[in-house]
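The values are calculated or read from the model by the stated rules, or taken from the named source; none is laboratory data. It should be emphasised that the depicted structure is a prediction, and the values quoted were computed from it without experimental measurement. Cβ coordinates were reconstructed from backbone atoms using ideal geometry, including for glycine residues, and neighbour counts include every protein chain displayed. Only protein heavy atoms, including side chains, enter the accessible area calculation; ligands, DNA and RNA are left aside. Shrake-Rupley method; radii C 1.70, N 1.55, O 1.52, S 1.80 Å.
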Amino acid sequence: MPKKSREYDSQKIMIPFRQEGLPTLTEEDMREVDRSMIEEYGIELIQMMENAGRNLARLLRERFLKGDPRGRRVAVLAGPGGNGGGAIVSARHLHNWGASVDLIISRPEEDFKPVSRKQLDIVRRMEVPLHRPETAGRIGEVSAIIDGLIGYGLKGAPKDEAADLIRWANGRDEPICSLDIPSGIGSTEGAVYDPTVRASVTMTLAMPKRGLFDPEAGAFVGELYLADIGVPPELYESMCLKIDVGPIFAEDELIRLR
Ligand SMILES: NC(=O)C1=CN([C@@H]2O[C@H](COP(=O)(O)OP(=O)(O)OC[C@H]3O[C@@H](n4cnc5c(N)ncnc54)[C@H](O)[C@@H]3O)[C@@H](O)[C@H]2O)[C@@H](O)CC1
Ligand SMILES: [K+]
């Protein structure tokens with residue numbers, strides 16, 4: 001079962017619920033959305049990542065930090081790809097909002113993809129302590145852990161430092177909030193690899209990933225939220241889905257699905 005948050009009243013959170021079904025996307029669909037955003041619409045990855053990370057910071061604030069990050073501690077796990085980049089953006093905003101943020105990177109800086117490396121370079125200029133897995137053990141109690149290790153770019157069972165950090169997070173008592181999909185779940189087919197992050201909350205981006213709805217994977221996903229990263233509705237109509245999804249985020253840029 002997902003871990004329970006110690007300080008959360010689900011009745012008080014001010015995020016709209018959407019119960020009717022939305023289409024679900026495979027990794028291939030999502031890569032096509034990304035490509036189209038950049039090549040057809042001129043919306044850059046760094047813009048999408050900013051939206052992803054800012055919505056994640058907001059979800060943390062409302063869901064785990066009692067609406068006020070000041071004086072609270074958060075640990076952020078970041079991998080070298082787009083998933084880690086979004087998590088680092090959330091670290092920046094939570095720091096700006098007064099939280100004490102510890103950032104743990106699963107790979108050396110030189111392994112980071114360019115846009116995620118840029119996010120890392122920014123927080124390095126701020127007072128955000130940076131850790132490698134070897135020093136993560138020194139991090140004291142936090143209100144929540146953000147999992148930005150691996151998203152839909154997962155290839156097979158998590159290994160090396162990513163696997164070590166998944167085990168580290170699962171071994172602690174604090175609730176985990178996964179970005180896009182818990183690290184270790186295949187985004188298309190929902191395979192649950194060993195190890196996989198056992199999230200209390202997952203915030204997926206743009207459109208839900210198909211693997212989140214696999215029954216076995218569901219136990220690792222926890223509450224499921226969907227965040228706006230600025231995809232125009234007509235993109236889905238013209239690209240992969242051929243359906244009119246409408247203005248999904250009309251009421252809020254963050255909605256709860258489950
Ligand atoms: N339009 C979008 O969908 C956006 C996506 N973003 C994020 O970017 C993610 C996709 O980014 P990427 O394609 O860069 O990939 P990911 O960040 O999901 O993962 C790729 C990294 O994980 C490592 N990795 C893969 N399998 C592994 C394994 N088994 N063990 C250890 N390490 C492994 C790879 O070496 C690679 O460095 C999404 O899930 C989402 O979170 C956001 O940054 C912004 C916009
Ligand atoms: K993740």
Starting from 0.36 nm per residue, how many nanometres of slack lie between Ala250 and Asp68 once their C-alpha separation is accounted for? 63.0 nm
Could the peptides 50-59, 86-95 be put in order, highest first, of the mean number of other beta-carbon atoms found within 10 Å of their residues? 86-95, 50-59
Can you give me the % of accessible surface on the chain that is carbon or sulfur? Probe 1.4 Å, all protein chains present, nothing else counted. 47 percent
Just to be sure I understand: of the beta bridges DSSP finds with both ends in the chain, what percent are antiparallel, rounded to 5? 15 percent
Which of the GluC sites (Glu not before Pro) across region 76-127 are loop residues per DSSP, with 13 or fewer other Cβ within 10 Å? Glu127
Give me the accessible area per residue for region 135-207, probe 1.4 Å, as a whole number in Å². 31 Å²
Helical contribution to [θ] at 222 nm, DSSP H n ≥ 4, -39,500 (n - 2.57), averaged over the chain, rounded to 500: -10000 deg cm²/dmol
Determine the gain in length on full extension of the stretch Met239-Ile38; use 0.36 nm per residue of separation and subtract their C-alpha separation, reporting nm with one decimal. 71.0 nm
Residues with amide H under 5 Å from that of Lys209, placed H, sequence gap 5 or more: Leu25
What spacing in nm lies between the two simple spin-label points modelled at Arg132 and Asp160, each 7 Å away from Cα in the Cβ direction? 1.2 nm
What percent antiparallel are the DSSP beta bridges of region 179-258, to the nearest 5? 40 percent
